Amino acid sequence: MRPRLVACVAALAIAAATCNSQPAMRPPVPASGGELSPAPGGSVRSFDLTAAPAKVELKPGLVVSAWAYNGVVPGPVLRVFDGDLVRVTLRNHLSVGTTIHWHGLAVPNGQDGVAGVTQDPVPPGASATYSFVARGAGTFWYHSHQRGSYQLDRGLYGVLIVEPRGKAVGVDHVVVYDEWPIGLEMPSPPPASDPAMSAYVTVSVNGRSGDAIAPIRFASGQTVRLRLLNAGYLVHFVRVEDTAVTVVAFDGHEVRGGRPTTDVLPLGPGERIDVELAANGQATWLALQDPFPPSGDALLAVAPEGAPVPAFTPSGIRPVLDIFTYGAQASASPWPKGGGVPTRTFTLTLSEISRTRAALPSPMPGMEMGDVSYQINGAAFPDTPVLEVSLGDLVTIKFVNAGRQDHPMHLHGHAFQVLERDGMAVKGLLVKDTIVVRPGSSITVGFLADNPGWWMIHCHQLHHAAGGMMLLLRYQGSLRLAQLGGPYQSTPD
Ligand SMILES: [Cu+2]
């Protein structure tokens, strides 16, 4: 428990002792600013998501105690059209408060679902409705942002697909990767791996692992779109065996002009990559080219309907796709065409500070790390700097990774264009909301400040976020909607 929560609990205890009765509980700050009507031509799409404990069978004989939306992990795929009004009623059947964040969608600030910043968590037994217009087609996702590192890890996540309006719906499938911390015998991670991840022993695909992963089937002649999402905390390297794929979207932003490639697809925590498989009628496998945790459990067959699934035979190690030079161009960008002159520039240096001489593995699956402070510009959240911008600013943020671990940095409420890597201009038009900053590397992103509010910027390795690697971007004149701590223990990470 971190100091601010200790202080809060202590204050409540003193208040209770002094008054000899329970302190009056104020109502929780709700999600606010919901939109009321769809864009012209759009419809209202309503969904119910009930968060509750669930037993999830990863594979026969391996059942984990998860927290799930509607009893399934990942939660149900929410599918809407561009311009639709999305109304989601969250019913909380957990024993603790929870929220839903809409990762990658530029929703109104009060709908962003970040506990302690835009709302208090929805208390146990209560419900709340989120309401926002889905603008722009793509693959997005939703997950808890109250004690996210713990709640997301237990299974509170799902995919939200925004289809383009007026186009025929193609054949697509979601492929969601996640690591599971389960009470199995704990293998030793390789020495260079992330100490916060040592309790993770398997990787799942769409909530199943090993032989329990259902193959993806396609009809002859069909072009299949795979919507890959990494809902876990490690960068995964997805290889499609013996089959070239074409990247058609990064983080839900459509790209054009991508060439077919057999390179391995790097998929950082929070990132999405959409690929199309050419319709050559061949069966293939998706495998992970990861060092750790063991990836043999994450084999996914993609095969023609009715055809037998061929045996998996691994091919040799392949190069990793360089997304910065891939050459695909985003259809639209939040940065001026041909370049812009930034009106606000920030540099954020990312580092890990070990508080003990040797970093210890996390003693409990999903627990926050107590021994490593994950810092931005030498401070850990909530002591990190607040980035201040004004509506209409052209903002650049340079992320400098001075540490030894990957940091997938995510910006809420906006998409950004990737402008530079290691000081060199990125030529392609690469638009994303999450970008992996590798050790020793720097990445500069740019965006238009067009969505007022208080927004999080944080590492999506959520143990790093919980260890301090978060900060806030605030618009001048915007009120902060909720505060950390308080009677509902609002804790975004
Ligand atoms: Cu990180």
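The values are calculated or read from the model by the stated rules, or taken from the named source; none is laboratory data. Note that the structure is predicted; figures quoted are calculated from it, not measured. Ideal geometry is used to build each Cβ from the backbone, glycine not excepted, and the neighbour counts take in all protein chains shown. Note: areas computed on protein heavy atoms with side chains; ligands, DNA, RNA excluded. Shrake-Rupley method; radii C 1.70, N 1.55, O 1.52, S 1.80 Å.
Can you give the FRET efficiency for Ser390 and Thr347, using 1/(1 + (r/R0)^6), R0 = 25 Å, r = Cβ-Cβ distance, to the nearest 0.05?
The pair Ser390/Thr347 has a calculated efficiency of 0.85.
Would you please give the FRET efficiency between Ser127 and Gln282, computed as 1/(1 + (r/R0)^6) with r the Cβ-Cβ distance and R0 = 35 Å, to the nearest 0.05?
0.15
Could you work out what % of the accessible surface of the chain is carbon and sulfur, using a 1.4 angstrom probe and leaving DNA, RNA and ligands out of the count?
Of all accessible area on the chain, carbon and sulfur atoms account for 57 percent.
Top to bottom by accessible area (1.4 Å), largest first, where do Thr89, Thr325 land?
Sorted by accessible area, descending: Thr325, Thr89.
Gain in length, Ala332 to Asn377, computed as 0.36 nm per residue apart minus the alpha-carbon separation, to one decimal in nm?
Computed gain between Ala332 and Asn377 is 13.0 nm.
Specify the angular offset, from 0 to 90 degrees and rounded to the nearest 10, of the alpha carbon long axis of helix 3-19 from the longest principal axis of the alpha carbons in the chain.
Helix 3-19 and the main axis of the chain meet at about 40 degrees.
Could you provide, to the nearest whole Å², the per residue accessible area of the chain with probe 1.4 Å?
39 Å²
Using +1 at the Cβ of each Lys and Arg and -1 at the Cβ of each Asp and Glu in the chain, identify which of Gly148, Val63, Phe312 lies farthest towards the dipole's positive end.
Looking along the dipole axis, the top candidate is Gly148.
In the chain, what % of DSSP beta bridges are antiparallel (nearest 5)?
Given both bridge residues lie in the chain, the antiparallel proportion sits at roughly 70 percent.
Nearest 5 is fine: what % of DSSP beta bridges in region 29-168 come out antiparallel, could you say?
Given both bridge residues lie in region 29-168, the antiparallel proportion sits at roughly 65 percent.
To one decimal place, what orientation-averaged projected area in nm² is obtained for the convex hull of the Cα set of region 344-475?
For region 344-475, averaging the hull's shadow over all directions gives 8.0 nm².
Report, in debye and to the nearest 20, how large the dipole of the chain comes out about its Cα centre when Lys and Arg carry +1 and Asp and Glu carry -1 on their Cβ.
On the way: 35 positive and 39 negative charges, 124 e Å.
With only Lys, Arg, Asp and Glu charged at Cβ, the dipole is about 600 debye.
Tell me the accessible surface of Asp290 in square angstrom (1.4 angstrom probe, heavy atoms of protein chains only), to the nearest ten.
Estimated to the nearest 10 Å², Asp290 gives 30 Å².
Could you check the spin-label model distance between Ala39 and Met424? Points 7 Å from the Cα along Cα→Cβ, value in nm.
Here the answer is 3.6 nm between the modelled labels.
Tabulate in residue order the Karplus-calculated ³J(HN,Hα) for region 280-288, using 6.51 cos²θ - 1.76 cosθ + 1.60 with θ = phi - 60°, rounded to whole Hz; enter x for Gly and Pro.
Whole-Hz 3J(HN,Hα) from phi for region 280-288: 9, x, 8, 6, 8, 10, 9, 10, 9.
Can you give the longest stretch of the chain with no exposed loop site, where a site means trypsin sites (Lys or Arg not before Pro) in a DSSP loop (not H, G, I, E or B) with at most 10 other C-beta atoms within 10 Å? Walk me through the numbers before you get to the answer.
Numbers: sites that count: Lys167, Lys337, Arg357, Lys427.
Excluding the exposed sites themselves, the longest stretch runs over 168-336.
Given a cut-off of 12 Å, what percent of all Cα-Cα pairs of region 379-425 lie beyond it?
Roughly 77 percent, once rounded to a whole number.
Within straight cross-link reach of Lys398, meaning Cα distance under 22 Å, which lysines are found once same-chain residues fewer than 8 apart are removed?
Lys337, Lys427, Lys432
Taking a quarter of the surface of the Cα convex hull of the chain, what do you get in nm²?
Averaged projected area of the chain's Cα convex hull equals 23.6 nm².
Of all the Cα-Cα pairs you can form in region 170-329, what percent are over 28 Å apart?
19 percent
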